[in-house]
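*Asks:* Below you'll find the structure I mean.
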Amino acid sequence: MKISHVVSCVAGSIFLASAMSAQTSPGCIPHPEPNENVGAQLAKFRRIDIPFSTAGVPAREVALVRKLVEASQSIESIYWRQSDPEALQLYNGLAACTKPSDQQLRRFLLINGSRYDLLNENKAFIGNDPFFPGRELLPHGITQKEIDAYVAAHPGKKAEIYNPLTVVKRQGTELVGVPYHVEFKQWLEPAAKALREAAALSDDKSFANFLRLRADARPDRRPVIYVSAH
């Protein structure tokens, strides 16, 4: 299977993974009215279909692509939780809603990966929670001055707190840095497993090796493949 063919399939797979990344929950949950005209904002985006047909494709290659979709779904799940877990909860809850406006809101949540409008200075388009630059990777409301002061008082924790691949949390009056591979283990392990299984299905040795390297890459040492919702 040529790498160019795989890349084309993966592009469609990632788009599909974005829409399938979270399990839906029954019932239409109540929610506040959006703060802006979601329909007008959606009009700024052009929907592009990337079809994927299995006709004429060997079963082994179809299985490979599905494993790449599976890995993408796990990484997408991590992205939502790094960006805005409450948006993910709302996205899931809107799945059973039948009003066109609710489905528009759901699509807009998917595009932004959060409740904050990327094209409107990260203003909340639903709810009143302020936007935090650190998203869910830093405690809400914490300032750079506060972080720097804490590290100055606890120099032994400098590497832990300033590490770009940790989630900083409060524990009482203390700050702790939790490595990504610990915080997101629930999704990283299935993603790595799917990548290894995809590698085993590939006839392209270079591509298979690339997938195995990505699967073995500890995120506290180097970034894993990262897929955003937008």
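Each reported figure results from applying straightforward, stated rules to the coordinates on display, with no laboratory input. Bear in mind that the values here come from a model prediction, so they are computed numbers and not experimental data. Cβ sites come from the backbone with ideal geometry, for glycine too, and all protein chains shown count toward neighbours.
*Asks:* What's the FRET efficiency of V182 with I142 using the Cβ-Cβ distance as r and R₀ = 30 Å, to the nearest 0.05?
*Replies:* Numbers: r = 20 Å, r/R0 = 0.67.
Plugging the Cβ-Cβ distance into 1/(1 + (r/R0)^6) gives 0.90.
*Asks:* Then there is this: Based on Cα positions only, what radius of gyration and what Dmax would you give for the stretch 47-107, in angstroms?
*Replies:* 15.7, 42
*Asks:* Let me ask another. Enumerate the amide H contacts of V167 below 5 Å, restricted to partners 5 or more residues apart or on another chain; note that Pro and chain-start residues carry no placed amide H.
*Replies:* V178, Y180
*Asks:* Using mean Cβ contacts within 10 Å as the protection proxy, how do 70-78, 182-190, 29-37, 108-116 order, highest first? Intermediate results must be reported in sequence, preceding the final value.
*Replies:* On the way: 70-78: 23.2, 182-190: 16.6, 29-37: 12.4, 108-116: 21.7.
The peptides rank, most packed first, as 70-78, 108-116, 182-190, 29-37.
*Asks:* In percent, what relative contact order does the stretch 46-160 have, based on Cα pairs under 8 Å that are 6 or more apart in sequence? Intermediate results must be reported in sequence, preceding the final value.
*Replies:* Values: 63 pairs, mean separation 19.7, N = 115.
About 17 percent, as a whole number.
*Asks:* Please list the three semi-axes, largest first and in whole Å, of the ellipsoid equivalent to the stretch 100-211, using sqrt of 5 times the eigenvalues of its alpha carbon gyration tensor. Walk me through the numbers before you get to the answer.
*Replies:* Details: eigenvalues 204, 150, 25 Å².
Each semi-axis is the square root of five times an eigenvalue, giving 32, 27, 11 Å.
*Asks:* Continuing with the same structure: For a quick check: with amide H placed at 1.01 Å from N, whose amide H comes under 5 Å from R135's, ignoring anything fewer than 5 positions away on the same chain?
*Replies:* The list, which skips near neighbours in sequence, is empty: none.
*Asks:* Round to a whole angstrom and tell me the spacing of the C-alpha centers of the stretch 153-195 and the stretch 101-126.
*Replies:* Using only Cα atoms to place each centre, the spacing works out to 27 Å.
*Asks:* What relative contact order, as a whole-number percentage, does the stretch 65-130 give when Cα pairs under 8 Å and 6 or more residues apart are counted?
*Replies:* Working: 45 pairs, mean separation 16.3, N = 66.
Taking the mean separation of contacting Cα pairs over the length of the stretch 65-130, I get 25 percent.
*Asks:* Counting only C-alpha contacts under 8 Å and six or more residues apart, can you give the relative contact order of the stretch 105-220 as a whole percent?
*Replies:* 15 percent
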